[in-house]
Amino acid sequence: SLLWTISFAVIACILLQEASARIAIASGKAIGQAIIHQFSPNKNGFSMGIWLTFSVVIGCAAYEAGNILGAVAGVTLISDIAPSIITISIVFLAGILLYLRKFQILTTFLGVVVGVMGLGLLIIVLTLPLDFPVIARNMVIPQGIPGSELLILGLIGTTVVPYNIFLGSRLAENQNIHQMRRGLIVSVIIGGIISLCLILIGSQVKGDFSFLSVAQAITASSGKWGAPIFAFGLFAAGLTSAITAPWAAAVMFTSTIETNNSGRTFTLTWGLVLITGLIFGILNVQPVPVIILAQALNGILLPFITIALLFILNNRVLMTSYVNGVWGNAGLLAILLLTTTIGYINIVKAISSAFGLSIAVDTYVLQRLVLVSVM
């Protein structure tokens, strides 16, 4: 019933990453530098750019915990190796790849792994007893389930990953606007298809959800070969994200915050994010709640990033001929309205739960409040 969130998230991801990359092409600045340029510090030294930088880095650290826990879960589905050993091995592999800083080799490696993972998951989906007309309808007709706001925000947050928006500005280097858009659209759609496949595979579970129950459901419907492919997909998704989250955090931090030794700061930043994942992995925390929470936290961060992009994209001095048009602004405002509404609902629910209050959320009133606050 929530498949429409993937369709929305893919469109939102294309718009936001295109905006980030267009800023880099037009201004010659990474998105962090552009934010610093747009929002100069006030008299107390506060800067929205610096605040967003630290927020994204913290979001990367939260995401890293879920990345490593997911990769570990994939390996434990097909082996009896102790989770602590798997965690250390994954962190060590990710650390080596990041330390070498061979980013061209790294992106090629990640692309191959994601390609194999996506193909395997797609094959599994095609063997499942699914009602594809219903799937197609649910992908274009929004509908909600009471109490599903956190999950909706998580589904959006796992596709429109905030750190990828900032990483996108770096990947736009040495490309013209047309090359950037072609590559971006293809890669985001592939990511959306992988997310869709994972949701459809997970929908086969009856009862309590866990990665083991997913593997068992796949085996029952697709045969014994399906579970190992799913396990590899889970491992590959975790490993590739375990590399890109620290990398993006380091890119964001060093492009925004000036230090005496940018190389050392780059290494220290990705190292701290990686260690966060290591700690959660060693503690053997349940992966699914951590992953959903991390995705939701990143989803809450999206409205602030969208606001920053809107201001920069309409700065004619910075953007020159690449300034945003009416439809571009309308698209970003729609993203802002939905993500802010869902984020507010989750914040209200968290406060009411923490203090034992009973706060009714009137969505229509909330949307008007969000619209006024956005304006």
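Every number in this text was worked out from the coordinates using simple rules, so none of it is lab data. Please read these numbers as outputs of a predicted model, since none were measured by experiment. Positions of Cβ are backbone-derived with ideal geometry, glycine not excepted, and every protein chain shown enters the neighbour counts.
Computed values, structure above
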{"read-out": "FRET efficiency estimate (nearest 0.05) - Cβ-Cβ, ILE199 to VAL326, R0 30 angstrom", "value": "0.35"}
{"read-out": "Volume of the Cα convex hull of region 120-214, divided per residue and given in Å³", "value": "152 Å³"}
{"read-out": "Net charge over other residues, Cβ less than 14 angstrom from the Cβ of LEU3 (K, R count +1; D, E count -1)", "value": "0"}
{"read-out": "Residue-averaged 222 nm ellipticity for the chain, from DSSP H runs of 4+ at -39500 (n - 2.57), nearest 500", "value": "-27000 deg cm²/dmol"}
{"read-out": "Pairs of lysines in the chain (C-alpha under 28 Å apart; 8 or more residues apart or interchain)", "value": "4"}
{"read-out": "Order by protection proxy (mean Cβ within 10 Å, highest first), peptides 239-246, 89-96, 226-233, 322-329", "value": "239-246, 226-233, 89-96, 322-329"}
{"read-out": "Potential lengthening between VAL112 and LEU2 on full extension [0.36 nm per residue; Cα-Cα distance subtracted]", "value": "36.7 nm"}
{"read-out": "At R0 = 35 Å, FRET efficiency that the Cβ-Cβ distance of ASP131 and PHE54 yields, to 0.05", "value": "0.15"}
{"read-out": "Additional length obtainable on full extension of the chain from ASN260 to HIS178, 0.36 nm per residue less Cα span", "value": "25.9 nm"}
{"read-out": "Size-normalised alpha-carbon gyration radius of the chain, reference 2.2 N^0.38 Å", "value": "0.98"}
{"read-out": "Percent RCO, i.e. relative contact order, over the chain, from Cα pairs under 8 Å lying at least 6 residues apart", "value": "35 percent"}
{"read-out": "Normalised contact order of region 1-120, rounded percent, pairs of Cα under 8 Å and 6 or more residues apart", "value": "10 percent"}
{"read-out": "D_trans [Stokes-Einstein, Kirkwood Rh over alpha-carbon pairs] for region 144-195, 10 °C, 1.306 mPa s, µm² s⁻¹", "value": "125 µm²/s"}
